[in-house]
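In what follows, a single structure is set out as structure tokens and then discussed.
Nothing in this text is a laboratory measurement; each read-out follows from the coordinates by a stated rule. For clarity, every value in this text was computed on a predicted model and none was experimentally measured. FYI the Cβ positions are ideal-geometry reconstructions off the backbone, even for glycines, and counts take in every protein chain you see.
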Amino acid sequence: MPTSTITHAVIPVAGFGTRMLPLSKSVPKELLPLGNRPAIHYVVEEAIAAGIKHIVLVGHAQKSAIENYFDINAELDNQLRHKGKDELADSLNWLPEDVTVSMIRQGKPLGLGHAVLAARPIIGAHDFAVLLPDVVLDPFTTNMSTDNLAFMMDAFATDSHSQILVDQVADEDVHKYGIAKLKNNAAKDVDDQSVTKDSNASFRVAGFVEKPSLADAPSNLAVVGRYVFSNQIFDYLANTTASVGGEIQLTDAIDALISEYGVNVTTMRGASYDAGDMRSYMQAFIYFAEQQLAKDE
Ligand code: G1P
């Protein structure tokens, strides 16, 4: 496979996280802990492991603590080193030298599609990845440098089709996600050899339906929150009007892109955790804490 040409990624972090209140009232939901690190730490590590060098956080005035997390706190650094805690100080400066993290603000809260479009002045003409930080892929069992995002980036380099990561969800969860409509529309329940947890597979998709009822869901393959886009998506986003929930939906722009160019879904390898929903966040917290404790022993 050719090596990926994607070096840029957008991580939208402007949302208030109403499903995570009261935890998210004064602490951005992206900084809530999973084990011994804030949730977004794993998402940024995942992007870097896949080969991303420029990360654009699309934020909000009240979420500057996220920007600070990826900056060097010189005062703290000095104090730790003064006390001889150099190892601890070094561990805080974990971001590789050749990786930059920048922040741009969304301004108006007009939806996920609008948030991604807000990154255009920094992304420019590059093709790029999008990682939604509510979803954290299991870093303990997944190889972040070859699986999922890295696979999608390589698949994009091979045939220039945008790639959308999908995973099978239970019937009661389809209304929470963007759901893929497969080419062979007959298949409601995807029971295909290519859809397995042990490997990634990439194939053309006919479209997406954002948060359908179970009756209207075209399949059980949900959009996980990892995308690799050709730069053309920006033109489609710029022409997308508000729909479901009165928001400019990324899903609508993807559907418009599909009608002129092909788009692929990539099936997910490993497990993912929804850290943007209280119940699943608590389950994820227990899993990450247990894994971390076992590693430290
Ligand atoms: C967004 C997307 C949806 C996707 C989901 C994954 O929805 O619009 O297509 O399935 O993220 O978490 P949100 O959860 O932001 O409402």
Show the residues, 5+ positions off or on another chain, whose built amide H is closer than 5 Å to the amide H of Val56.
-> Ala9, Val10, Ile11, Ser102
Among the aspartates and glutamates, select those whose C-alpha is under 20 Å from the C-alpha of Lys211, and discard any that sit fewer than 8 residues away in the same chain.
-> Asp134, Asp167, Asp171, Glu172, Asp173, Asp189, Glu247, Asp252, Asp255, Asp274, Asp277
Using only helices, what value at 222 nm comes out for the chain when you add -39,500 (n - 2.57) per DSSP H run of length 4 or more and divide by the total residues, to the nearest 500 deg cm²/dmol?
-> -8500 deg cm²/dmol
For the chain, what proportion of DSSP beta bridges, expressed in % and rounded to the nearest 5, is antiparallel?
-> 55 percent
Under the Karplus relation with 6.51, -1.76 and 1.60 and θ = phi - 60°, whole-Hz ³J(HN,Hα) for the range 116-129, x at Gly and Pro, equal 5, 4, 4, 7, 4, x, 8, 5, x, 8, 6, 6, 7, 9
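Restricting to Cα atoms and excluding each atom paired with itself, what does the Kirkwood estimate give for the chain in Å? Provide the component values of the computation, followed by the final result.
Numbers: mean 1/r = 0.0506 Å⁻¹.
In the chain this quantity evaluates to 19.7 Å.
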Between the alpha-carbon centers of the range 242-297 and the range 155-179, tell me the distance in whole angstrom.
-> 9 Å
Taking the Cα centre of the chain as origin, sum charge times position over the Cβ atoms of Lys and Arg (+1) and Asp and Glu (-1), and report the length of that vector in debye to the nearest 20.
-> 640 debye
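Taking a 29 Å limit on the Cα-Cα distance, which of the listed pairs Lys53/Lys176; Lys25/Lys85; Lys53/Lys181; Lys25/Lys176; Lys176/Lys295; Lys83/Lys295 fall beyond it? Can you show the working numbers first?
On the way: Lys53/Lys176 31 Å; Lys25/Lys85 33 Å; Lys53/Lys181 32 Å; Lys25/Lys176 22 Å; Lys176/Lys295 33 Å; Lys83/Lys295 27 Å.
Exceeds cut-off: Lys53/Lys176; Lys25/Lys85; Lys53/Lys181; Lys176/Lys295.
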From phi via Karplus (6.51, -1.76, 1.60), per-residue ³J(HN,Hα) for the range 135-147 in Hz, x at Gly/Pro = 9, 10, 7, 5, x, 7, 10, 9, 8, 5, 8, 10, 8
Return P(r) of the range 79-171 (all Cα-Cα pairs; 10 Å bins starting at 0; whole %; ordered from short to long distances).
-> 11, 29, 34, 19, 7, 1
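Output the direction-averaged projected area (hull surface divided by four) of the convex hull of the alpha-carbon atoms of the range 82-136, in nm². Provide the component values of the computation, followed by the final result.
Numbers: hull surface 26.0 nm².
For the range 82-136, averaging the hull's shadow over all directions gives 6.5 nm².
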Compare the Cα positions of Met103, Thr146, Ser91 along the charge dipole of the range 74-166 (+1 at Cβ of Lys, Arg; -1 at Cβ of Asp, Glu; about the Cα centre) and return the one farthest towards the positive end.
-> Met103
